[in-house]
Structures are given as structure tokens and as C-alpha cells.
Amino acid sequence: MARLLLGVSGGIAAYKALELVRLATKAGHAVRVVQTPTAQQFVGAASFAALTGAPVLVSEFERDPARGAFPDQEPPSHDPASHLELVRNADAYLIAPATANTVAKLAHGMADNLLTSAALAAGCPVLVAPAMNHHMWEHPATQANLATLRERGVTVIDPGTGALATKHEWGVGRLAEPAELLAAVEAVVDWGPAHPRPWDGLKVLVTAGGTREPIDAVRYVGNRSSGRMGFAVADEAAALGAEVTVLAANVALPRHPRVRYRDVVTAAELRAACLEEFPACDVLVMAAAVADFRPAAPEAGKVKKAGRDAMVLELEATEDILSGLAAARRDGQTLVGFAAEHGAQAVDYGRDKLSRKGLDAVVVNDVSQPGIGFDTAENEVAILTAAGDEHVARATKAEVARAILATVDRLRGAQVTR
Ligand code: CTP
């Protein structure tokens, strides 16, 4: 986890800074925000305060109730100078969006507001993410100012090209996307011994989504899995510091900047990717809903309905990926399977899978209950291990993911060698 100081200057892209704060806090970082007075015309301090859980400052002369401390720190007993204390505590100072005016002030060492004074006092890495109209971006003054900042070691996160805020205008100047900003911050933070994270160095492989098995060139046999549960597990593992790879089967969800994703479509593609990735992983969480059967002879073209009253689709069994991986496991690997079951015997079926597939844990959800399981934001599960069953009451998938990872932690603590 890092302490990120975010400076927001006054451009329309300030709304994207809210999403950045949401991503950063979700990834476990402690965030403080300073705004320029003009930035407040675009996004109010209350929004940033709600997302960071910390006061937002605009002026050096207002009292900081947190006394320059970040949400994970105890405030000092005295009132320090905000522009000095915030950057002293921060691991990185990101200015996003940085307007042409703020870029110019930073390049010339001006300190006329809290945002610019803090930049002048910063000993931590400073990142600047410009956002402006393309005429202002292309102006030689702006380009010279950015060159000056780069020469001084400031990381400039270049804006993207696309539609700009003014109607019908297109060009360079759009603020980089929030996930890109966070990745840039995480790339410059010193993750050394000062920031130990519980899962630093651990390699986690997660499968997510639902496989699709072609019937013909345009149709498939699929299932209702959205990938939400697997993606939540991946996000939480990344927040703990793990190196996470997700094998995503047909998932249309936002992606975490510090997670590596490989997209697959069919059970056979998922199996091939699993066979490649599994040997190096320490933890496998197999959340994907894998087809048990696939059309035996998919058509290369499109099946036409003319002349048919009915159609019989012959299905053949796919391989059980997880059982195959479990049979090839090495010492030190922890394997978690999922079981989407229907009805009263859900836990019994899950227990059977735990032993039959040779797993360390099985996460059972009873998909007969409304509002949980497939394609929903919430889940309610039982986590089965050799030590017993843990019931996780209905909660967000992020909370369920944390419970699953806590179980993995316990299993790995108990399992000196397997
Ligand atoms: N799984 C797998 N390969 C398959 C089917 C399932 O790796 N071909 C994995 C799933 O990702 C999940 C676990 O096995 O982690 C259990 O999946 P499930 O479909 O519930 O198990 P099955 O053994 O197919 O049993 P069922 O008859 O209940 O479908």
C-alpha cells in the first residue's frame, strides 16, 4: 500500500480524478487530495473527501483536521504546515488533471497555491498528468514547460487523443485514463521494505467467466457466469501485493491495472492457458464456469434453418481442467475450486468435489437462491476445507473474495509443505 497525494487542478477532466481515487483506495492505497480553487468549480471537495475518508485542502491557511496525516496514519500532536507535511508523508505526488496553467507554474517553480507549494516541497516522486484543449497542448510554451519538468525528473503521463470537452473538437489533450494513472503511480513508488504487503512475491492464478463452445460460426453453448467473482478475487489478491494472472473467459468487466489478463473463449483454450500458467503459480482460484460438454462437430459456417423442423445437437464431454491440474500439483501450491450447486444438498456436493478433485478448498454457492451467484453483485457462500465449513453470509463479491483469500492464508500457514 502506498500513500498517494493527489493534486487536482481546474479542468473538466477533474471528474476523472474521482475515478482514480476510487481505484486507488480500492487497491488499498491511502489517498489525500489537494485542489486548486478553480478545481472546485468542476468537482467539489465533498466527493473527494467521501472517497478518501480524509479532509480535502485548497488553501495553506485552512486548518487540516488530519494535520497532514494520511488515512492510515495517526495525526501528529501539532499543526504542521500542510504543503510540507503532506509531501513528507506521501510516497508519490500525482497532479491530475494538470492544466496548462498549472504545468506552467510547476515548470517555473511558482508556489502560489497549496498544490504548487506542495510540488515545490516534494521529495517523493512527482507525476504530472496534463489535460487541456489540443491548441493549448500543442503550444510551444506548454511543450517547453513539460520538457523542463521531464528534465527535472518529473514523470509526465501524456494525454490521450480523442474527443475533447468542447463540442466537435478532437485531438491530443484528454487526461489519461484513471487505470493508467494508477499504474504510473504504482510504477514509481518504492515498494521496498518500507511497504511490505502480506502477499508480496506470491503468484496467484485466477480463472474467471464462463466458457463458450461453438455450435457454428455465430452460435455457442454458454453459461450465465459474468466473471464478477473471479475478478473480485483477482483485485483483492492484487491489493495484498500478489502477482496476479487472470484467465478470463468472455468477461466484459473493468480490469485492474496491476493484474495480467489473458482472454480465452472455449474450455479447450482455458485448459491450454491453465497448463501453461499453473506450474509457476502458488495459488490457483478456479472460479470460471467451465462447460462440461461441447458440440461434438461444430459447423465452420452458419447453420441454416431452411428445411429443418428440429435440430439435434450432439455434445461430447470436455476435460475436467481442475482435476487434471490437481493431479499434477507440486508442493506448496494451494488449489481452490468453486461449485455452483442447486438446492439443499449444495454443501454435500461441494464436499464431494473437495475430495474427488483433490483440492484445498471449495467455495460453494447455492444458485437456487435469488439475488446471489451468477451475474449478480452479491454472493453468499460456504467455504469448505478439510478443517470444516465456513459460512459467509450474503455480502458483496469483494467481501466474499476477502473471506476466500483469508482461507487461503490460513491453509498456507498450516501447510509448511504439502
Ligand atoms: N471445472 C473444471 N473443468 C471442467 C468443469 C469444471 O476445471 N470441465 C472446475 C470449475 O472451474 C470449478 C470446479 O471444477 O472450480 C467445479 O465445477 P463444477 O462444474 O461445479 O463441477 P463438475 O465436476 O463439472 O460437477 P457438476 O456435475 O456438478 O457440474
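Data overview
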{"read-out": "Helix runs (DSSP H) in the chain reaching 20 Å along axis by Cα, Kyte-Doolittle at least 0.0", "value": "397-414"}
{"read-out": "SER355-ASP409 FRET efficiency (beta carbon distance; Förster radius 25 Å; 0.05 resolution)", "value": "0.65"}
{"read-out": "Low-density loop positions, GluC sites (Glu not before Pro), the stretch 58-105 - DSSP coil, at most 15 other Cβ in 10 Å", "value": "GLU62"}
{"read-out": "The stretch 98-113-the stretch 213-253 distance, computed between alpha-carbon centres (Å)", "value": "43"}
{"read-out": "Partner lysines for LYS302 [C-alpha distance under 29 Å; skip if fewer than 8 residues away on the same chain]", "value": "none"}
{"read-out": "Full-extension gain in nm, ARG219 to ALA49, via 0.36 nm per residue minus C-alpha separation", "value": "56.4 nm"}
{"read-out": "Alpha-carbon centroid distance for the pair the stretch 13-80 / the stretch 314-365, whole angstrom", "value": "45"}
{"read-out": "Out-of-range pairs (alpha-carbon distance over 24 Å; input LYS26/LYS353; LYS26/LYS357; LYS26/LYS203; LYS16/LYS105; LYS203/LYS397; LYS16/LYS203)", "value": "LYS26/LYS353; LYS26/LYS357; LYS16/LYS203"}
{"read-out": "Per residue Cα convex hull volume in Å³ - calculated over the stretch 206-311", "value": "110"}
{"read-out": "Mean Cα-pair separation over length for the chain, i.e. relative contact order, pairs under 8 Å, 6 or more apart, %", "value": "11"}
{"read-out": "Ascending count of other beta-carbon atoms within 10 Å, so fewest first, for VAL21, VAL362", "value": "VAL21, VAL362"}
{"read-out": "Isotropically averaged projected area of the stretch 203-417, using the convex hull of Cα atoms (one quarter of hull area), nm²", "value": "12.9"}
{"read-out": "Normalised convex hull volume, the stretch 3-188, alpha-carbon set, Å³ per residue", "value": "99"}
{"read-out": "FRET E, pair GLU74, HIS135, Förster distance 51 Å, beta-carbon r, rounded to 0.05", "value": "0.60"}
{"read-out": "Ratio Rg/Rh [Cα only; Rh per Kirkwood] for the chain", "value": "1.06"}
{"read-out": "Radius of gyration and maximum dimension Dmax of the stretch 29-90, Cα, Å", "value": "11.2, 34"}
{"read-out": "Ellipticity estimate at 222 nm from DSSP helix runs (n ≥ 4, -39,500 (n - 2.57)) divided over the chain, nearest 500", "value": "-9500 deg cm²/dmol"}
{"read-out": "Proxy reagent accessibility, fewest Cβ within 10 Å first, across VAL189, VAL381", "value": "VAL189, VAL381"}
{"read-out": "FRET efficiency estimate (nearest 0.05) - Cβ-Cβ, LYS26 to PHE374, R0 25 angstrom", "value": "0.60"}
{"read-out": "Gaussian network model of the chain, springs between alpha carbon atoms under 10 Å - residue of ARG329, ARG219, ARG22 with greatest fluctuation", "value": "ARG219"}
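Read-outs: derived from the displayed coordinates by stated rules, not from any lab. It should be emphasised that the depicted structure is a prediction, and the values quoted were computed from it without experimental measurement. Neighbour counts are summed over all protein chains in view; Cβ atoms, including those assigned to glycine, are modelled from backbone coordinates with ideal geometry.
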